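Structure first, commentary second.
Since every read-out is calculated from the coordinates, none of them should be taken as a lab result. Since the structure is predicted, the reported quantities are computational estimates derived from the model, not experimental observations. Note: ideal-geometry Cβ built from the backbone for every residue, glycine included; neighbour counts use all protein chains shown.
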């Protein structure tokens, strides 16, 4: 019956807009994510205090029995207000994926001048476009846990590329990981010896790699079966004609497409 229900699910997409903003809020109330403020603002919204005691004095203590977490609620509100302000200025873009009318997936895209929006603070280089000729970026994917492995992110990506084309097109850049791998032994070694220990370095020498044409060998990203790469998989972009142009860290590549 579950398989039959999956086959009958009707997926649709809509762009983020003033009309769909409430769907955007509803979606992020159901998933763990930062509402894409990281790429929009060039950093996460700071906590309302430097220590757990200061935060609790301002917001109240968490109540796990009632699943009430004041800091989480406060952060969600602050992030929603930040994205809403950008959206009303025309500086926030994205695709919502719906399953039978319910928002279950998200993809952020935007012009390079908007991701992040220029501000006074110093922006980490990892959050800035890698190629100076890129005009657009596709930065982030989020899928509700119960809809993963059903093509939601791929559908969102296709809709994002179509939206970029509709808004004038140009060179589009993304930084997906090449492929994922999970080895339960690695977390145990890190807990026992430390992340930068010689034991971990030695173990990682046998970590799986994949040869990417024009790039070379790229290591797998360490992801568990319950996690997903927020910046997508290389295979998703390859299917739409994106091509790798350079390495992005140990496990990722920069991929580009002109639309």
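Equivalent ellipsoid semi-axes for region 199-259, as square roots of 5 times the alpha carbon gyration tensor eigenvalues: give them largest first, rounded to whole Å.
Details: eigenvalues 112, 44, 14 Å².
Result for region 199-259: semi-axes of 24, 15, 8 Å.
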### Query
Hey, in the GNM for the chain with a 10 angstrom Cα cutoff, which one of 112, 51, 13 fluctuates hardest?
51
### Summary
Going fewest to most other Cβ atoms within 10 Å around each Cβ, 234, 35, 155, 255 line up as 155, 234, 255, 35
### Task
Return 162, 248 ranked ascending by Cβ neighbour count within 10 Å, so the fewest neighbours appear first.
162, 248
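For n ≥ 4 DSSP H runs only, could you compute -39500 (n - 2.57) per run for the chain, divide by its residues and tell me the 222 nm figure to the nearest 500?
On the way: 9 runs with 83 residues, N = 259.
Rounded to the nearest 500, it is -9000 deg cm²/dmol.
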### Task
Can you bin region 41-127 into rounded, prolate or oblate? Criterion: square roots of the alpha carbon gyration tensor eigenvalues sorted a ≥ b ≥ c, rounded for a/c under 1.5, prolate for a/b above b/c, oblate for the rest.
oblate
### Query
Can you give me the relative contact order of the chain as a percent, contacts being Cα pairs under 8 Å and 6 or more apart?
18 percent
### Message
Counting C-alpha atoms alone, how compact is region 77-119: give Rg to one decimal and Dmax as a whole number, in angstrom.
### Response
12.0, 39
### Span from the region 9-69 Cα centroid across to the region 192-259 one, whole angstrom
28 Å
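How big is the shadow of the Cα convex hull of region 11-174, averaged over all directions, in nm²? Show your work: numbers first, answer last.
On the way: hull surface 44.0 nm².
Hull-based average projected area comes out at 11.0 nm².
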### Task
Round to the nearest 0.05 the FRET efficiency obtained for residue 84 and residue 245 when R0 = 30 Å and r is the Cβ-Cβ distance.
0.30
### Message
Between residue 73 and residue 145, how high is the FRET efficiency from 1/(1 + (r/R0)^6) when r is the Cβ-Cβ distance and R₀ = 22 Å? Nearest 0.05.
### Response
0.60
### Task
Calculate, for residue 52 and residue 12, the FRET efficiency according to 1/(1 + (r/R0)^6) with r their C-beta to C-beta distance and R0 41 Å; round to the nearest 0.05.
0.45
## Note on the structure
With Cα springs under 10 Å, the Gaussian network model of the chain assigns the largest mean-square fluctuation among 65, 197, 40 to 65
### Task
With springs only between Cα atoms under 10 Å apart, run a GNM on the chain and tell me which of 128, 83, 95 wobbles the most.
128
